[in-house]
1. If the only charges are +1 at each Lys and Arg Cβ and -1 at each Asp and Glu Cβ, what is the size of the charge dipole of the chain around the Cα centre, to the nearest 20 debye?
2. Which shape class, rounded, prolate or oblate, goes with the range 7-141 when its Cα gyration tensor gives a ≥ b ≥ c as root eigenvalues, a/c under 1.5 marks rounded, and past that a/b bigger than b/c marks prolate?
3. I want to make sure I understand the PRE zone here: with the label point 7 angstrom from the Cα of Glu75 toward its beta carbon, which residues in the range 114-136 have backbone N atoms less than 13 Å away?
4. Which whole-number percent gives the relative contact order of the chain, counting Cα pairs below 8 Å spaced six or more residues apart?
5. Pull out the extension gain between Leu151 and Ala64, defined as 0.36 nm times the separation in residues minus the alpha carbon to alpha carbon distance; nm, one decimal.
6. If packing is taken as the average number of other Cβ atoms within 10 Å across a peptide's residues, how do 7-15, 88-96 rank, most packed first?
7. So, counting K/R as plus one and D/E as minus one, what does the shell of residues with Cβ under 9 Å around Arg22 add up to?
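A short reminder: the numbers here are calculations on the coordinates, not readings from a lab. These numbers come from a predicted model, not from an experiment. Here Cβ is always computed from backbone atoms with ideal geometry, including for glycine, and neighbour counts include all displayed protein chains.
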Amino acid sequence: MSMRIGYTELEAKVRGMIKEKRFIHSEGVVSVSRMLAERFGLSADDAAYIGIYHDAYRYSCDSATPGFCRVHGIEVFPEEEKEPMLLHGALSAIHFPSDAEGDVPEHFLRAVRHHTLGHREMGVYGAVLYIADYIEPGRTHLDCDDRRKILSGECLEDMILTIMEMQGAYFKRKGIEEAEVSRELYDFLRSGGRLQ
Ligand SMILES: [Fe+2]
Ligand SMILES: [Fe+2]
């Protein structure tokens with residue numbers, strides 16, 4: 001494989017793959033990802049590339065998706081088995097090199113794979129994506145105080161913990177059970193674990 005296509009080309013491709021509303025969300029994710037990457041000494045361009053692509057397969061999941069992911073060597077978690085929509089990040093990881101028409105670094109793939117449930121192997125770019133996905137300006141479930149509280153974290157790990165606590169409270173109200181991988185990530189970060 002070779003050099004992948006540039007951001008602008010990938011962005012145009014993604015625009016044709018998802019609904020307008022989802023595309024606007026993805027642009028919001030890109031701008032927050034750039035900001036976080038700059039703040040923490042990461043590549044803003046890489047974070048943007050991951051961000052614009054992360055939801056490209058948001059409308060492509062069906063009952064065949066868990067099996068398709070397994071065939072491609074992806075471990076499917078029980079919550080994803082039950083709710084295949086949760087696998088859209090896994091589909092992005094599978095299709096990323098072909099859509100980008102070239103080599104895509106492994107940490108890009110881990111980031112998109114794990115952006116929905118979170119995972120201790122998501123890496124720092126996965127952390128940036130996870131946070132940006134939750135706080136991008138189009139998200140109406142958050143107010144300014146929530147955003148400020150999350151962004152006041154001193155590191156990406158702290159921000160994820162704050163998000164997971166907010167989400168946990170929401171899940172509790174809705175009677176939703178947290179996925180086991182998400183719980184593992186939370187416990188890992190709580191005990192001082194760092195993403196890499
Ligand atoms: Fe997503
Ligand atoms: Fe998203």
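1. Numbers: 24 positive and 33 negative charges, 73 e Å.
Roughly 340 debye, rounded to the nearest 20.
2. Working: a/c = 1.42, a/b = 1.38, b/c = 1.03.
Rounded, since a/c falls under 1.5.
3. Residues 114, 119-122 fall inside that zone.
4. Numbers: 256 pairs, mean separation 41.8, N = 196.
About 21 percent, as a whole number.
5. Fully extending the segment from Leu151 to Ala64 adds 27.5 nm.
6. Details: 7-15: 15.2, 88-96: 24.1.
Descending mean neighbour count gives 88-96, 7-15.
7. Details: positive: Lys19, Lys21, Arg58; negative: Glu20, Asp55.
Overall, the nearby charge balance is +1.
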